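Working notes, beginning with the structure itself.
No lab work stands behind these numbers, since they all come straight from the coordinates. Nothing here was measured: the structure is a model prediction, and the numbers come from that model. Cβ atoms come from the backbone with ideal geometry, glycine included; neighbour counts cover every protein chain shown.
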């Protein structure tokens with residue numbers, strides 16, 4: 001029996017943790033990528049073990065900064081060394097700007113950092129994993145074959161003038177998902193984008209009061225914040241093969257926030 005191995009970036013906390021736990025509950029092993037906080041990654045691993053279905057599932061924290069070329073190569077190598085295989089990649093890791101700034105004041109340093117981590121990192125991590133698949137042609141342990149999931153954001157097509165760097169990085173990532181979907185469909189590798197809306201995570205904690213008010217006023221039709229579990233359930237469906245004819249699809253997880261309304 002082959003236990004699928006899923007590499008989830010930025011899985012130490014937030015959306016990545018929600019994704020990892022749902023994949024554990026599905027019966028997968030998870031390579032838990034984190035950049036700096038080992039304690040959080042260990043906590044994710046413990047939650048995965050609690051949610052897991054079989055004793056042979058494994059949950060291993062692996063440190064790497066996806067914005068670093070050397071770290072990306074090491075992450076793929078260490079995942080293969082630990083598990084012997086990679087069946088799917090979930091590109092979740094991402095950062096917000098250190099300082100929210102109007103477009104007239106935002107810095108090139110912030111722009112470069114966000115593009116490097118949020119866009120360049122997952123784009124080329126995908127390349128590294130795909131090269132392994134195409135060279136080795138390993139037998140996939142998932143229904144429908146290998147899969148890549150890009151976690152983007154409502155900011156991919158919704159403008160926030162005090163987070164221009166973030167919006168551009170996520171818009172670029174959305175196009176990356178489409179590009180990889182077209183390139184890999186003929187190889188039997190499915191690529192899907194999951195696009196969260198307002199998520200209750202550490203990243204949004206600084207704006208909680210503002211968004212609490214906006215949600216109460218009707219900004220989100222379903223009337224609540226999204227959760228890491230919501231995103232995890234969407235990713236779980238993709239990994240399980242429940243959407244076999246949806247290459248390149250954008251799966252919104254935003255409570256209806258994306259709907260244009262009068």
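Structure above, values below:
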quantity: The listed residue being in a helix (DSSP H, G or I) and either within 26 Å of residue 135 (Cβ to Cβ) or in contact with a strand residue (DSSP E or B) (Cβ under 7 Å, 6 or more places away or on another chain) (or both), out of 184, 214, 233; calculated: 184
quantity: Single unsatisfied condition, residue 208 versus (1) under 30 Å from residue 108 (Cα atoms); (2) outside any helix (DSSP H, G or I); (3) free of Cβ contacts under 8 Å to residues at least 12 places away in the same chain; calculated: (2)
quantity: Some residue of segment 93-101 being more than 19 Å from the chain's Cα centre (by Cα), over 24 Å from residue 190 (Cβ atoms) and surrounded by 16 or more Cβ atoms within 10 Å (Cβ to Cβ); calculated: yes
quantity: Odd one out for residue 179, checked against (1) in a helix (DSSP H, G or I); (2) surrounded by fewer than 22 Cβ atoms within 10 Å (Cβ to Cβ); (3) out of contact with any helix residue (DSSP H, G or I) (no Cβ under 8 Å at 6 or more places or on another chain); (4) in contact (Cβ under 8 Å) with a residue 24 or more places away in the chain; calculated: (4)
quantity: Of the criteria (1) surrounded by fewer than 20 Cβ atoms within 10 Å (Cβ to Cβ); (2) free of Cβ contacts under 8 Å to residues at least 60 places away in the same chain, which one residue 61 fails; calculated: (1)
quantity: Selection status of residue 52, more than 27 Å from residue 133 (Cα to Cα) and over 19 Å from the mean Cα position of the chain (by Cα); calculated: no
quantity: Matching residues, segment 94-138, being free of Cβ contacts under 8 Å to residues at least 12 places away in the same chain and assigned to a loop (DSSP other than H, G, I, E, B); calculated: 99, 104, 105, 107, 137
quantity: Segment 244-260, subset without any contact (Cβ under 8 Å) to a residue 40 or more places away in the chain and exposed (fewer than 13 other Cβ atoms within 10 Å of the Cβ), residue nearest to residue 191 (Cα to Cα); calculated: 245
